[in-house]
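Every read-out reported here was derived from the displayed coordinates using simple, explicitly stated rules and does not represent laboratory data. All figures in this text were calculated on a predicted structure; none of them were measured in a lab. Neighbour counts are summed over all protein chains in view; Cβ atoms, including those assigned to glycine, are modelled from backbone coordinates with ideal geometry.
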Amino acid sequence: MWSRGLASVCARTSNACIFGSNLKPTRLPVQAWHSRLSAFGCLRGNRVDLREIVGTTGVANAMDQVAGMATAVLDAASSVAGSLKRKQEKKVGTHNGTFHCDEALGCFMIRMTEKFGGAEVVRTRDQKILDTLDAVLDVGGTYNPEIDRYDHHQRGFDQVFGHGFATKLSSAGLVYKHYGEEIVAKELGLDLQHPDVERVYLAVYKSFMEAIDAVDNGIRQYDTDSPPKYANDTYLSARVGRLNPDWMDENGPEKEDQAFHQAMELAGKEFLENLRYYGRSWLPARSIVAECLAARKDAHESGEIMILKQFCPWKQHLFELEQELQLKPTIKYVVYQDDRSGSWRVQAVALSPGMFESRKALPAPWRGLRDEELSKVAGIEGGVFVHMSGFIGGANSFQGTMEMAKRALAFSETA
């Protein structure tokens, strides 16, 4: 084996190399093989029987054969090392001084890409230095994705994410716009063209990235001039801001850069948590709701009752899918099994996300009733309860709960 064979290879004289293990020693001119000897070292531990090779091909041919194997390994290692070196040589620039969430997150994200993986982050406002860097974020007065310049402070900048979003982009939003799909595909382990990549890409912008853009650009969340009734400094941009060195401490570029890298880690960690939630939880739930929505007429001929065959977060998906499919009529009730109690529920769908008012609440005569009284009034078996607001109720069996949904759909408050 190589662990023994290579030991013999290394037993050299000034003019010859002793080659073999339990073989007849053979002297070959060192000059002919000297350039190849280092290549043998990389094969140590490989399960190749040197004696077999020599026995069938002869010593000289064996050395040619094995040296070729070693050279191939070294070439591959050299290629990988060269690739890593090229990545390490990339430099991404942003401004020094007080930092914000957008450039901290932008630097984190761009270093997740194939093009800028492991790139060094350079913090400066010196334009001569910025001009030499491979990418520049949040400084430099230029937005040009072809040369990886992602500033948003210059006059006339009006870039938005698109896809129905109208919020002005920050440097983080610009990086996400151009590299987000690559990052999502990598994290989900999917091909870039897979439809789930775009779904998660858009969902992450809506749920996470847009707020970063809006806060950095000073865009109000609500159209009102009234002052807020309470302070909220718990959001990501505020927490990143607090990582800046305190004004009362002695500060220098080194301490400031250390704080910036902390900010990158914090923003990046939350970004990845959000992305992974959408990939591992949100996306499977959407598939379940889409499947159940497609089978709605199997549940009831009206198409207004949906049976959720597996419990999952369904409300947001239902609204979005109805809009995408331009569904008419819309779903009025969702029947599902509670994942904790195991009992069955019928829930009235809200008019829109975040609203308490239902499209068609459970009948007023049922509200607040329980058990036998509810069963009697509603005309069903095994009634358990109906909430006072009429937004949810249930029975002790699937059949009883489905009957509640059907009777509620047919019920007229004016009758």
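Worth a mention:
- Highest average packing first - 117-130, 385-398, Cβ atoms within 10 Å: 385-398, 117-130
- Peptides ranked, highest mean first, by Cβ atoms within 10 Å: ranges 133-143, 364-374: 133-143, 364-374
- Expected-Rg normalisation [2.2 N^0.38 Å, Cα atoms] applied to segment 295-410: 1.00
- When both segment 105-160 and segment 368-415 are represented by their alpha-carbon centers, they are found 60 Å apart.
- Ranking of Glu403, Glu357 by neighbouring Cβ atoms within 10 Å, starting from the fewest: Glu357, Glu403.
- Normalised by the number of residues in segment 295-410, the mean separation of alpha-carbon contacts (under 8 Å, six or more apart) gives a relative contact order of 21 percent.
- Only Lys, Arg (+1) and Asp, Glu (-1) charged, at Cβ; segment 295-410 dipole about Cα centre in debye: 160
- Cα-based shape type of segment 166-257, given that a ≥ b ≥ c are square roots of the gyration tensor eigenvalues and the cut on a/c is 1.5: oblate
- Ranking of Ser281, Ser171 by count of other Cβ atoms within 10 Å, fewest first: Ser281, Ser171
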